[in-house]
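The values are calculated or read from the model by the stated rules, or taken from the named source; none is laboratory data. None of the values given here were measured: they were computed from a predicted structure. Here the Cβ is made from the backbone with ideal geometry for all residues, glycine too, and neighbour counts use every protein chain on show.
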Amino acid sequence: MPSLLSPSLLLTYAFAAALVAGLLLKFWLASRQVRHVAQHRGAVPAPFAARIALTAHQKAADYTLARTRFGLLQLAFGSAVLLGWTLLGGLDALNQALLAWLGGGMLQQLALLGCFALISGLLDLPVQLYQTFVLEQRFGFNQMTPRLWLADLTKSTLLVALIGLPLAALVLWLMHAAGPLWWLWAWAAWMGFNLLLMVVYPLFIAPLFNKFQPLADEALRTRVTALMQRCGFTARGLFVMDGSRRSAHANAYFTGFGAAKRVVFYDTLLKQLSGDEVEAVLAHELGHFHHKHIARRLVALFALTLVGFALLGWLSTRGWFYTGLGVVPNLSLDGSAPNDALALLLFLLAAPVFTVFLTPLMAQLSRKHEFQADAYAAAQADGGQLASALLKLYEDNASTLTPDPVYARFYYSHPPATERLARLPAAPLQGATP
C-alpha cells in the first residue's frame, strides 16, 4: 500500500486540488460577470450614450450573458472529460487497448496520439455545433452553412494528420533516440516548425479556407501604403479576406514572417469603417510592430516552451508522474514499449491545470501592449478616428461596455472600452469618468 506522502499520491492530491481551485475561481469570476452585466443592461453607460443605442447595448449584454453561461457548461464538461482521461483511467485504458492490439513501438504511440485527438474532437463536436449554429446564429453572427462547416472540419482534420503526425513522430523519435537531452532537440524542432509555419500558413494553408483578394479600393490602398511607409513597415501585399462567409464579426491583422508578411482586412471591417477609421486601426496594428510586441511574444514563447520541454524531460523518467495522473506506465525493460506518447499527453493535460493562475499576468501584459499600440496609432493617424472605429467594432461585435472589473482584469487581453477610449487623444471619452 503506497504511503500517503508518496510522490504519486502527492501529485494526485495536487492535481485534484489545482483542478478544484481553478474551477471554483472560474465559476466565481463568471458569476460576477453575469451579475454585473445583467445589472447594467437597462441603460447605456453615460460616456457612450450619445453614440450607442440602447438596443445595441442590450444585445451586447445578452450576447455576453449567453456566452458566459455557455462557457460555464463548457467548463464543467471539459473538467469532467479531463478527469475521465486522467484520474478515472481513460487514457490508461486507451493505452492498454492499443498495446494489446499493436504491441509497443512507434506505431502504437502514434495510434495513441491519433486516437486521443480523434476522441477529444468527437467529444467537442456538440460544443462547436451549439456555439456556431445556436449561440452565434441567435445573435446574427453566424454565416456558415452546415456544408461549409463540414468542409472546414474535413480540411482541418486532414491538415492535422498530414502535418501533425510527422511532427509527432519526429518528437517521439527524439525522445527515444536523442539521449538525456532529447528535450532540447525536441524544443528546437518545435520552434523551427513554428517559424516555418509563420511563412507557410499565409501562403498555402489560409487560402484553403478563405479567399484572399488584393485590396481593390485604390484610395484606401494609397492611404494604407503611405501609412506603412511613414511607419517604416513593408508587407508583401494588402488583401481582403471573405470573413463574411463564416461570421459577421470584423477584424484586421498582420500575418506571416519575413518576406511572407501581409496585411489582411476582413471584408466585414471594410464595410463597417470609413477610410480614416481603417487607417487608424491599421496604425494600431503597426504599433505592435513598432514596440516589438510580436518579437517579444515570440521570445517569451521560446522561453516558456523551453522550460516546458525541460520539465517534460524530467517528468517523463519518473514513474510517479504517470501513476499520480491515473496511468500505469509501460514496464518493458528492453524499451520495446516506451512511454513517450503517454508522457506527452499527460503533460498537455496537466499543465493547463497548474498554470491557469498565470492567466491574469498574461492578460495584464497584453492590455499594456494594447495601450501602447493605441498611443502609437494616435500619433501616426487620428486618435479620434481610432476611437470611432473601436466604438463601431464594439457595437457590431456585440462586445459589452460594462464587464465586471475583476473578470476583465483576469481574462481580458484588450482593455475594457471605457478605459481604452478614455486614454485616446481626441477620443469621445477623453476626461470622462468611467
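Numbers at a glance
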item	result
Which numbered condition Phe265 misses (of (1) within 22 Å of the chain's Cα centre (by Cα); (2) of a type in the set (Phe, Trp, Tyr); (3) in a helix (DSSP H, G or I))	(3)
Residue that is farthest from Trp182 (Cα to Cα), among those in the stretch 344-358 that are under 16 Å from the mean Cα position of the chain (by Cα) and surrounded by fewer than 16 Cβ atoms within 10 Å (Cβ to Cβ)	Leu358
Residue within the stretch 97-110 that is polar (S, T, N, Q), more than 29 Å from Arg32 (Cβ to Cβ) and under 20 Å from the mean Cα position of the chain (by Cα) present	no
Test: residue in the stretch 395-412 that is closer than 30 Å to Thr12 by Cβ, touching a helix residue (DSSP H, G or I) at 6+ places or on another chain (Cβ under 9 Å), at pLDDT 95 or above and assigned to a helix (DSSP H, G or I)	yes
Odd one out for Leu99 among (1) closer than 14 Å to Val327 by Cβ; (2) touching a Leu at 6+ places or on another chain (Cβ under 8 Å); (3) not small (Gly, Ala, Ser)	(2)
Selected residue (criterion: modelled with the lowest pLDDT) from residues of the stretch 256-314 that are charged (D, E, K, R) and touching a Phe, Trp or Tyr at 6+ places or on another chain (Cβ under 9 Å)	Lys261
Members of the stretch 202-214 found to be in a helix (DSSP H, G or I) and either over 19 Å from the mean Cα position of the chain (by Cα) or surrounded by 17 or more Cβ atoms within 10 Å (Cβ to Cβ) (or both), listed by number	Pro202, Leu203, Phe204, Ala206, Pro207, Leu208
Contacts under 7 angstrom Cβ, first residue in the stretch 178-198 being within 23 Å of Thr317 (Cα to Cα) and without any contact (Cβ under 8 Å) to a residue 24 or more places away in the chain, partner β-branched (Val, Ile, Thr) and surrounded by 14 or more Cβ atoms within 10 Å (Cβ to Cβ), 6 or more apart	Ala189/Val171
Long-range neighbours under 8 Å by Cβ, at least six apart or interchain, first residue under 13 Å from Phe212 (Cβ atoms) within the stretch 259-272, second charged (D, E, K, R) and at pLDDT below 85	Ala260/Arg236; Arg262/Arg236
Odd one out for Pro180, checked against (1) of a type outside the set (Gly, Ala, Ser); (2) modelled with pLDDT of 90 or more; (3) surrounded by 14 or more Cβ atoms within 10 Å (Cβ to Cβ); (4) in a loop (DSSP other than H, G, I, E, B)	(3)
Helices (runs of 4 or more DSSP H) wholly inside the stretch 281-371 containing at least 3 residues that are within 28 Å of Thr86 (Cβ to Cβ), of a type outside the set (A, V, I, L, M, F, W, C) and in contact (Cβ under 8 Å) with a residue 12 or more places away in the chain	293-315, 319-323
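Rundown of residues vs (1) modelled with pLDDT of 90 or more; (2) touching a strand residue (DSSP E or B) at 6+ places or on another chain (Cβ under 8 Å), yes/no style:
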| residue | (1), (2) |
| --- | --- |
| Gly192 | yes, no |
| Val199 | no, no |
| Pro202 | no, yes |
| Ala206 | no, yes |
| Phe209 | yes, no |
| Leu215 | no, yes |
| Thr225 | no, yes |
| Arg230 | no, no |
| Phe233 | no, no |
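The rows are residues; the columns are (1) of a type in the set (Phe, Trp, Tyr); (2) outside any helix (DSSP H, G or I); (3) surrounded by 12 or more Cβ atoms within 10 Å (Cβ to Cβ).
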position: Gly192; (1), (2), (3): no, no, no
position: Leu196; (1), (2), (3): no, no, no
position: Val200; (1), (2), (3): no, no, yes
position: Ala216; (1), (2), (3): no, yes, no
position: Leu220; (1), (2), (3): no, no, yes
position: Val224; (1), (2), (3): no, no, yes
position: Met228; (1), (2), (3): no, no, yes
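Quick grid of which residues meet (1) under 30 Å from Gly275 (Cβ atoms); (2) among the β-branched types (Val, Ile, Thr):
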| position | (1), (2) |
| --- | --- |
| His291 | yes, no |
| Phe309 | no, no |
| Trp320 | no, no |
| Asn339 | no, no |
| Ala350 | no, no |
| Val356 | no, yes |
| Gln372 | yes, no |
| Gln380 | yes, no |
| Ala387 | yes, no |
